[in-house]
C-alpha cells in the first residue's frame, strides 16, 4: 500500500474527483487539485521552478493558482522545497518526493 494511503487505510471507493469544485480527494484529510498529477509530472525529472509547475496546469501565474495547485502538494509531502528554510526565495525549486512518486504511479493513467 502506498505511504500516502497507509494512515487512513483509504480504499478506491474513497478516492474521487468532485467535478463541481475541481478538488481531487485522494488522501485522508488532504485535498489536492485534480491537476495534481500534471504538476507532479513537471517535477518528475528534476527540480522545477514554481512558474514551471503552474504552466503545466494551463493557468495564469498567480498567487491563487499557486495556493490551489502547488502548495497543497507541498503540505501533503508530495513535493519538497529545495531551500526549506527560505520558502519565498527566488531560487526555490520543487522536488518530487518518494511519496509523490507513489502517488503518480497510482494516478498516472487517470485523466487530468
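Condition first: outside any helix (DSSP H, G or I), out of contact with any strand residue (DSSP E or B) (no Cβ under 7 Å at 6 or more places or on another chain) and within 19 Å of residue 32 (Cβ to Cβ). Now tell me which residues in the range 44-64 satisfy that.
So in the range 44-64, the residues outside any helix (DSSP H, G or I) come out as 44-49, 56-62.
Narrowing further to those that are out of contact with any strand residue (DSSP E or B) (no Cβ under 7 Å at 6 or more places or on another chain): 45-46, 49, 56-62.
Those that are outside any helix (DSSP H, G or I), out of contact with any strand residue (DSSP E or B) (no Cβ under 7 Å at 6 or more places or on another chain) and within 19 Å of residue 32 (Cβ to Cβ): 56, 57, 58, 59, 62.
Among the listed residues 88, 67, identify the single one that is exposed (fewer than 15 other Cβ atoms within 10 Å of the Cβ), free of Cβ contacts under 8 Å to residues at least 24 places away in the same chain and in a helix (DSSP H, G or I). Steps first, please.
Values: 88 fails: in a helix (DSSP H, G or I).
On inspection, the qualifying residue turns out to be 67.
Would you confirm whether or not the range 43-50 contains a residue that is surrounded by 12 or more Cβ atoms within 10 Å (Cβ to Cβ), in contact with a helix residue (DSSP H, G or I) (Cβ under 7 Å, 6 or more places away or on another chain), modelled with pLDDT of 90 or more and farther than 23 Å from residue 105 by Cβ? Looking for residues that are surrounded by 12 or more Cβ atoms within 10 Å (Cβ to Cβ), in contact with a helix residue (DSSP H, G or I) (Cβ under 7 Å, 6 or more places away or on another chain), modelled with pLDDT of 90 or more and farther than 23 Å from residue 105 by Cβ, one finds at least one in the range 43-50, hence yes.
From the list 38, 21, which residue is over 23 Å from residue 91 (Cβ atoms), modelled with pLDDT of 55 or more and not in a strand (DSSP E or B)? I'd like the intermediate steps shown before the answer.
On the way: 21 fails: modelled with pLDDT of 55 or more.
Selected residue: 38, the only one of 38, 21 that is over 23 Å from residue 91 (Cβ atoms), modelled with pLDDT of 55 or more and not in a strand (DSSP E or B).
The values are calculated or read from the model by the stated rules, or taken from the named source; none is laboratory data. Quick caveat: nothing in here was measured; it's all calculated off a predicted structure. When we count neighbours, we look across all protein chains shown, and the Cβ atoms used for this are built from the backbone with ideal geometry, even at glycine.
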